Amino acid sequence: MMKRNEDYLPLSQATYYILLSLREVRHGYAIMQDVEEISRGDVTMGPGTLYGALSKLEKQGIIAKTDVGEADRRKYYKLTDKGKEVLQLEYLRLTSLVEHARGIMSQWEGDKDGS
């Protein structure tokens with residue numbers, strides 16, 4: 001039976017940032033740099049973590065290697081249409097989690113003020 005895109009959720013934090021990084025075609029080292037930048041330093045990953053994740057995502061059809069047409073030996077990756085949908089679904093899932101917690105968390109903030 002074929003997996004539905006929802007079946008890939010939830011994504012790990014590292015995978016989520018890798019997919020965000022692949023909003024444009026990048027090679028591995030550029031992905032690592034971009035993940036650190038877009039996560040404001042919260043997520044740093046070594047080559048082992050990155051290439052393990054890229055291999056798994058490629059097998060799942062979420063990303064694909066792409067040819068950049070240069071005499072460059074680095075491997076470049078891009079999001080597939082399936083990958084874009086999985087990323088969008090995860091974004092919606094995370095947004096929903098935050099929205100559901102917003103009211104509760106703001107009540108706690110009020111409690112800290114001595115109410």
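Bear in mind these aren't lab numbers, they're just calculated from the coordinates by the rules spelled out. No experiment lies behind these values; they were computed from the predicted model shown. Please note: Cβ atoms are built from the backbone with ideal geometry, for glycine as well, and neighbour counts cover all protein chains shown.
Observations on the structure shown:
- With both labels modelled 7 Å from their Cα along Cα-to-Cβ, the Glu109 to Arg40 distance reads 1.5 nm.
- Loop-located GluC sites (Glu not before Pro) in the range 1-85 (DSSP state other than H, G, I, E, B) with a sparse environment of at most 11 neighbouring Cβ atoms within 10 Å: Glu24, Glu70.
- Per principal axis, descending, Cα span of the chain in whole Å: 65, 37, 21
- Straight-line cross-link reach from Lys75 at under 30 Å between alpha-carbon atoms covers these lysines, not counting any fewer than eight positions away in the same chain: Lys3, Lys56, Lys59, Lys65, Lys84.
- Packing-based exposure ordering (other Cβ within 10 Å, fewest first) of Arg73, Arg93: Arg73, Arg93
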